[in-house]
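A.B. asks: Pasting in a structure now, in structure tokens, and then I'll have a few things to ask.
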Amino acid sequence: MHSSREGIDLRLVALVSGGKDSTYAAYLANKAGHEIVCLLSIIPPSEESHMYHYTNIHMMPTVSSAWGLPIILHHSKEDELAELEESLSLLKVDGVCTGAVASVYQKSRIENIAEKLGLETISPLWGCEPEKTLLEMVDEMDVMMVRVAADGLGKEWLGKVLDKRTAYQLIEVCRKYRIHPMGEGGEYETFVLNAPHFKKRIRVV
């Protein structure tokens, strides 16, 4: 758990995309004693954004309902960082929870904004062992593959809900093609249908 106030329970806003990393990070923050009080999703103008995920944006109201928490949806037009700062500045929270895993670009920018606003940053997945963490994720959550963009990951993966067996298969593909096991380079995207902290499961019809 990465925070400058270890051992102090915080009221947090969770930066969420609907994917496995931000969802699992919030779950771990809850387990550590922090309280997620609301969700924040910055909606980028296109999928070319280096800061935010685009794939699940149409599902964010459903995500909010599943978590049982209010969500702030901020449509980014130009300056993604300024718009994140604006959104955070309006919230009465102690800090922000991120799903950052290995992207220094993403994590450092969020931390700089949080520090400017006097907020803590909690990034439970930072520096994790990716294969081990992926297996832990699929044990705790129902994670569906919704986008693939790498050699070795064909359309047969789309719509697949990962369990231990398919997670091991994914890890083998990642090893073979030298893909980050958690898709840090955008090689694949996920959507979480259920997690321990959800109030209700998201059903796909």
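A.B. asks: Any residue in the stretch 110-129 that is at pLDDT 95 or above, under 17 Å from Arg11 (Cβ atoms) and surrounded by fewer than 19 Cβ atoms within 10 Å (Cβ to Cβ)?
C.D. replies: yes
A.B. asks: OK, next. May I ask you to say which residue of Glu86, Glu111, Glu136 is charged (D, E, K, R) and either touching a residue at least 24 places away in the same chain (Cβ under 8 Å) or out of contact with any strand residue (DSSP E or B) (no Cβ under 8 Å at 6 or more places or on another chain) (or both)? Full working, then the answer.
C.D. replies: Values: Glu86 fails: either touching a residue at least 24 places away in the same chain (Cβ under 8 Å) or out of contact with any strand residue (DSSP E or B) (no Cβ under 8 Å at 6 or more places or on another chain) (or both); Glu111 fails: either touching a residue at least 24 places away in the same chain (Cβ under 8 Å) or out of contact with any strand residue (DSSP E or B) (no Cβ under 8 Å at 6 or more places or on another chain) (or both).
Going through Glu86, Glu111, Glu136 in turn, just one is charged (D, E, K, R) and either touching a residue at least 24 places away in the same chain (Cβ under 8 Å) or out of contact with any strand residue (DSSP E or B) (no Cβ under 8 Å at 6 or more places or on another chain) (or both): Glu136.
A.B. asks: Would you confirm whether or not the stretch 84-94 contains a residue that is modelled with pLDDT under 90 and buried (at least 18 other Cβ atoms within 10 Å of the Cβ)? Let's see the steps before the verdict.
C.D. replies: Within the stretch 84-94, the subset modelled with pLDDT under 90 is 84.
Imposing the further condition that a residue be buried (at least 18 other Cβ atoms within 10 Å of the Cβ) reduces the set to 84.
Looking for residues that are modelled with pLDDT under 90 and buried (at least 18 other Cβ atoms within 10 Å of the Cβ), one finds at least one in the stretch 84-94, hence yes.
A.B. asks: Something else: With respect to Leu73, determine if the residue is closer than 26 Å to Ile202 by Cβ, over 13 Å from the mean Cα position of the chain (by Cα) and assigned to a strand (DSSP E or B).
C.D. replies: Answer is yes for this residue.
A.B. asks: Let me spell it out: the conditions are (1) surrounded by fewer than 21 Cβ atoms within 10 Å (Cβ to Cβ); (2) at pLDDT 95 or above; (3) out of contact with any Lys or Arg (no Cβ under 8 Å at 6 or more places or on another chain), and Leu162 meets all of them except one. Which number is the exception?
C.D. replies: Of everything listed in (1) surrounded by fewer than 21 Cβ atoms within 10 Å (Cβ to Cβ); (2) at pLDDT 95 or above; (3) out of contact with any Lys or Arg (no Cβ under 8 Å at 6 or more places or on another chain), Leu162 misses just condition (1).
A.B. asks: Next up: Taking the stated definitions as given, is Leu125 outside any strand (DSSP E or B) and touching a Gly at 6+ places or on another chain (Cβ under 8 Å)? Write out each step before concluding.
C.D. replies: On the way: outside any strand (DSSP E or B): yes; touching a Gly at 6+ places or on another chain (Cβ under 8 Å): yes.
Yes, satisfied.
A.B. asks: Can I ask one more? Among the listed residues Ile110, Ile179, identify the single one that is more than 15 Å from Tyr27 (Cβ to Cβ), among the aliphatic types (A, V, I, L, M) and part of a helix (DSSP H, G or I). Give the derivation first.
C.D. replies: On the way: Ile179 fails: part of a helix (DSSP H, G or I).
Just a single option satisfies the conditions, and that option is Ile110.
The values are calculated or read from the model by the stated rules, or taken from the named source; none is laboratory data. Treat the numbers as computed from the prediction; the structure is a model and nothing was measured. A quick note on method: Cβ atoms are made from the backbone with ideal geometry, for glycine too, and the neighbour counts reach across all protein chains shown.
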